[in-house]
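Below is one structure, written out as structure tokens; the observations come after it.
The values are calculated or read from the model by the stated rules, or taken from the named source; none is laboratory data. Just so you know, these numbers come straight off a predicted model, no measurement behind them. Every residue, glycine among them, receives a Cβ derived from its backbone with ideal geometry; neighbour counts consider all protein chains shown. Please note that ligands, DNA and RNA were not included when accessible areas were found on the heavy atoms of the full protein model with its side chains. Shrake-Rupley method; radii C 1.70, N 1.55, O 1.52, S 1.80 Å.
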Amino acid sequence: MDLSMLKPIAVTRALASLVLVTITSTAFAAYDLNLPEPAAPLTRQMFDLHMLTTWIATIIMVVIIAIVGYAIIKFRKSKNYEADQNFHTSAFGTWSWILVPVIVLGIDLTIAGSAGDALKAVEDYSQKNDVTIKVIGSQWKWTYEYMDDGIKVVSNMLPEEKAGKHYLRAVDNPLVLPVNKRIRLLHTATDVNHAWWVPEIAYKKDAIPGYINETWTKIEKEGTYRGQCAELCGTGHAFMPIVVEAVSEEKYEAWKAKQKMALAQAQAEASSDKVWSKDELYSKGEKLYNTNCAACHQANGAGIPGVFPALAGSKIATGDKAGHIDIVLNGKAGTAMAAWGKQLNDLEIAAIITYERNAWGNNKNDTVQPADIKSARK
Ligand code: HEC
Ligand SMILES: [Cu+2]
């Protein structure tokens with residue numbers, strides 16, 4: 001590379017902004033010297049392994065620096081030190097050829113033994129699990145399915161004004177888990193690879209579309225644990241944080257009961273023959289749009305030019321109902337527009353579409369009812 005091409009001013013500016021970004025970045029708030037305190041047996045095992053290797057490396061470094069330092073001073077040229085030509089024939093010289101490799105091998109085997117134990121524990125699926133969660137990564141959110149209870153939690157990042165100091169590490173609906181129970185996590189994805197990672201309680205595992213990866217954990221302490229997607233998954237990669245709320249078993253049961261009741265209520269509501277007013281659909285739809293669609297089409301419906309189409313003034317969103325329902329229900333193959341029919345119920349889809357047809361100056365002044373979605377599904 002021809003370095004003269006780099007203008008000094010441009011380089012200075014780039015460096016200055018880099019420094020600024022570094023010292024003002026919110027990521028600094030989470031800056032810490034060591035890995036976070038583990039809160040599960042497996043992560044503790046990994047943490048101990050990390051500490052073991054760190055200490056071994058530190059001791060070796062100190063010993064070597066001491067020997068090198070000593071040699072540099074003691075045997076320096078200015079003292080006319082003459083190298084010992086017979087060192088290798090001395091007893092120390094001879095035995096050190098054997099002793100040093102033996103010590104190195106001993107250290108290696110100590111680390112390998114610990115690492116082997118940790119790996120075996122990671123892959124130990126022989127025990128009975130108390131809770132099974134399917135963890136689904138999508139651009140750009142996490143969905144948690146409680147396999148034994150039929151509960152589904154969709155977890156979206158909170159915007160800055162709601163998240164406060166936990167911005168980029170806070171979500172609307174956390175994954176709620178009981179402490180002291182063996183939890184099985186089944187990882188998969190709907191679009192591209194993601195990876196679910198919460199350092200205190202669980203290790204990283206890729207979430208791959210069409211494939212299921214298994215991990216397990218057992219949380220020892222109640223509390224909030226934060227993590228993030230650890231596989232570069234697109235422009236929203238930084239915006240799919242993970243929050244796990246670990247609670248006592250009683251609190252967990254109470255939370256589950258509440259979720260099931262809300263689910264039953266929503267299902268009853270969605271399948272009733274009620275004809276909804278425009279205002280009811282609009283306000284329901286606004287909330288649902290903001291959690292499900294705004295990441296791409298933006299809260300103001302303007303989209304992102306060239307990437308995600310605007311819905312304000314869009315031909316489809318202001319066109320006939322059938323076409324509008326079709327794209328939301330079935331998505332568009334080969335694009336980021338998912339088939340929402342699989343994720344949302346008839347009422348939810350009807351509400352979102354009604355909202356889109358009347359928000360941001362679209363003013364179609366019509367409604368789409370759950371019954372319309374039901375017949376479009378056939
Ligand atoms: C991951 C990004 C993403 C999300 C989330 C998303 N969409 Fe889309 N949407 C797209 C893309 C990309 C297209 C353009 C598809 C194409 O090429 O025709 C699109 C197209 C559309 C269109 C057609 C617009 C036009 O004029 O072409 C509508 C209507 C629509 N989406 C509604 C929704 C609704 C409702 C939701 C939420 C339930 C939603 N989208 C969520 C990416 C997204
Ligand atoms: Cu991701």
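Numbers for the structure displayed
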{"item": "Filter on Lys204/Lys374; Lys256/Lys364; Lys321/Lys342; Lys256/Lys278 - keep pairs with C-alpha separation over 30 Å", "result": "Lys204/Lys374; Lys256/Lys364; Lys256/Lys278"}
{"item": "Amide hydrogen neighbours beyond the local backbone of Val171, cut-off 5 Å, H modeled", "result": "Leu158"}
{"item": "Carbon + sulfur, % of accessible area of the stretch 263-356 - ligands and nucleic acids excluded, 1.4 Å", "result": "57 percent"}
{"item": "Cα centroid of the stretch 55-83 to Cα centroid of the stretch 350-371, whole Å", "result": "78 Å"}
{"item": "Under-5 Å amide H pairs with Trp216, H placed in peptide plane, nonlocal only", "result": "Leu185"}
{"item": "Under 5 Å, built H, 5+ apart or other chain: amide partners of Trp197", "result": "Gln228, Ala230"}
{"item": "MRE, 222 nm, helices only [DSSP H, n ≥ 4, -39500 (n - 2.57), over the chain, to nearest 500]", "result": "-14000 deg cm²/dmol"}
{"item": "Computed over the stretch 267-378: relative contact order in percent, which uses C-alpha pairs under 8 Å that are six or more apart", "result": "33 percent"}
{"item": "Reach of Lys74 by Cα under 20 Å, taken over aspartates and glutamates that are not fewer than 8 positions away in the same chain", "result": "Glu82, Asp84"}
{"item": "Subset of Lys287/Lys378; Lys251/Lys274; Lys128/Lys152; Lys218/Lys287; Lys134/Lys221 violating a 30 Å alpha-carbon distance limit", "result": "Lys251/Lys274; Lys218/Lys287"}
{"item": "Square roots of five times the Cα gyration tensor eigenvalues for the chain, Å", "result": "56, 29, 17"}
{"item": "Equivalent-ellipsoid semi-axes of the stretch 131-263, from the Cα gyration tensor, Å, largest first", "result": "21, 18, 14"}
{"item": "Karplus 3J(HN,Hα) series, Hz, for the stretch 158-171 with 6.51 cos²θ - 1.76 cosθ + 1.60 (x for Gly, Pro)", "result": "7, x, 4, 5, 8, 7, x, 6, 9, 3, 6, 10, 10, 10"}
{"item": "FRET efficiency for Asp148 and Ala333, using Cβ-Cβ distance with R0 set to 45 Å, rounded to 0.05", "result": "0.85"}
{"item": "FRET efficiency, Asp191 to Ile59 (Cβ-Cβ, R0 51 Å, nearest 0.05)", "result": "0.65"}
{"item": "Label-point gap, in nm, between Lys315 and Glu249 - each point 7 angstrom along Cα→Cβ", "result": "6.1 nm"}
{"item": "Separation between Cα centres of the stretch 152-226 and the stretch 263-332, rounded to whole Å", "result": "27 Å"}
{"item": "Förster radius 35 Å - calculated FRET efficiency between Ala371 and Ile212 (Cβ-Cβ, nearest 0.05)", "result": "0.45"}
